[in-house]
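Working notes for the structure below.
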């Protein structure tokens, strides 16, 4: 029995050894295969992520003018990219800074803290911008220009995560005419952000990124390329009949641009700003022409070469934002011949950029993203002329209604001085004190309310009721209501207001106007900011990576871009991302 048992044990041991050898031999190719797959994945990793944001570019521009696009610009993206035809921002306000912050963070203003382009800072009593930073120094700017930085951005971006994933070997650069449009998509840990100074005519940055501008930027500025456009005529690309067919007559009565020095609302436009030589007036006028986009492309090409973007195995990110379309849209409106022309020209400018990227990096090695930060409403007078009940809501009159209601509620006996006189916040706007009604947000003076023992929830209700008596105002939401989440997630407007609310920076009552109406806070022909589709519906195209080209009709949002590209790259999505991965297009 003992000998039999020992023999059996030896036999079992022999089988075990044989099994281990077999497993080892069979496992070796599997391990080698995994290593080969990992190496192949590294070799196939995109070398560049290129975000192209076109400021104030409505989705319908792709449909209205798409047959006029050339083969290498927007049409290439539409044909070869994955395009979501029903992509809408799911927040309000739909402004430049919140939109650009969302594009590469995948987060709403409620998460990024970028609630508007500018807002009153309760601590200092002054108006701040989304990127203003008095602790920084502007490099190559004009006299008394302050620096800017992303310090108010409360979330990471795709670029930040790329830098983290590669131990800072990935390069991240943002470029635009506007500081906020260059800075916010790039993120807090970007290598650089560059924007245009209308005071100096230079591309500038701040010492948040580096102590001195790179030499290639200094050389670019030294050639004064902006000055080459002084006195240039902006004429239509196509015969005028094509514009009349698609955009109507030039300079219709509702296209009232006010008193613009050196220009009118009719083609051709001579770009001088009313000046006799290049200087700040001309540089400002240049921004309102498509030639500023040409200048932007020239600078971006130099950035690609000199920053060596897409030249190694670590994926870089370049965010470029075309601002001229926004300036032109504000001045002439979305149904103008000027907007049609700047759209056709930005198609050519995007084509030139894509061709350059193809020659330097290869589009096969690039993920290209096209989107916009917001749309734009029709000019109210135009909307009225075609029966859409457009209008302008006077914010001064709205504040007067609130003040009267506060006096009636909290000073019924008519005491003098009226204790409610300072219940609405006053803030310093470059030396001018203004009532706290901005971005359709009403701000209270919390110190005054605390002094008089005024219940904050009650004064919000009183003020909201007063605002609802103002013609053109559709809804009001109070701070307490939003903090409690007492809104319907199935009501798109209520949901978008909640997504735009950041308690430390938003107001105490948030107002939504009727469709085709908006607040008058400055002299402007057309604007945006609402939760309505003309402001929220934007292009959303991703070309390259593992995304299958074609049109997709599923609901989508710009918050989906960053997590989708992060998934394709195999990196962590941005910190506050709320968007979904667009799995319908991933192969």
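Just the residues that are within 23 Å of residue 222 (Cβ to Cβ), touching a residue at least 24 places away in the same chain (Cβ under 8 Å) and surrounded by fewer than 20 Cβ atoms within 10 Å (Cβ to Cβ), please, taken from the stretch 142-158. Scanning the stretch 142-158 gives 142, 143, 145.
Looking only at the stretch 65-95, which residues are part of a loop (DSSP other than H, G, I, E, B), more than 23 Å from the chain's Cα centre (by Cα) and surrounded by fewer than 16 Cβ atoms within 10 Å (Cβ to Cβ)?
Scanning the stretch 65-95 gives 70, 71.
Residues that are more than 24 Å from residue 69 (Cα to Cα) and either free of Cβ contacts under 8 Å to residues at least 40 places away in the same chain or under 23 Å from the mean Cα position of the chain (by Cα) (or both) do not occur anywhere in the stretch 364-371. For residue 275, indicate whether it is outside any helix (DSSP H, G or I) and either more than 29 Å from residue 528 (Cβ to Cβ) or without any contact (Cβ under 8 Å) to a residue 12 or more places away in the chain (or both). Yes.
Out of all the residues in the stretch 321-335, is one or more over 26 Å from residue 61 (Cα atoms) and surrounded by 24 or more Cβ atoms within 10 Å (Cβ to Cβ)? Give the derivation first.
Going through the stretch 321-335, the residues over 26 Å from residue 61 (Cα atoms) turn out to be none.
No, every residue in the stretch 321-335 fails to be over 26 Å from residue 61 (Cα atoms) and surrounded by 24 or more Cβ atoms within 10 Å (Cβ to Cβ).
Kindly establish whether residue 342 is more than 28 Å from residue 514 (Cβ to Cβ), touching a strand residue (DSSP E or B) at 6+ places or on another chain (Cβ under 8 Å), modelled with pLDDT of 95 or more and in the same structural domain as residue 81 (by TED's automatic domain parsing). Criteria not met by residue 342. Kindly provide the set of residues from the stretch 396-418 that are surrounded by fewer than 17 Cβ atoms within 10 Å (Cβ to Cβ) and either out of contact with any helix residue (DSSP H, G or I) (no Cβ under 7 Å at 6 or more places or on another chain) or within 26 Å of residue 518 (Cα to Cα) (or both), ordered by number. The answer is 396, 397, 400, 404, 408, 412, 413, 414, 415, 416, 417.
Taking the stretch 466-538 and the helices (runs of 4 or more DSSP H) fully enclosed by it, the elements with 3 or more residues that are in contact (Cβ under 8 Å) with a residue 40 or more places away in the chain are at 492-499, 533-536. Of the residues that make up the stretch 112-124, is at least one under 17 Å from the mean Cα position of the chain (by Cα), surrounded by fewer than 24 Cβ atoms within 10 Å (Cβ to Cβ) and either more than 20 Å from residue 537 (Cα to Cα) or assigned by TED's automatic domain parsing to the domain that holds residue 319 (or both)? Yes; the residues of the stretch 112-124 include at least one that is under 17 Å from the mean Cα position of the chain (by Cα), surrounded by fewer than 24 Cβ atoms within 10 Å (Cβ to Cβ) and either more than 20 Å from residue 537 (Cα to Cα) or assigned by TED's automatic domain parsing to the domain that holds residue 319 (or both). Within the stretch 448-465, the set of residues being crowded, with 19+ Cβ neighbours inside 10 Å and not in a helix (DSSP H, G or I) comprises 454 only.
The values are calculated or read from the model by the stated rules, or taken from the named source; none is laboratory data. All of these numbers come straight from a predicted model, not from anything done at the bench. Cβ sites come from the backbone with ideal geometry, for glycine too, and all protein chains shown count toward neighbours.
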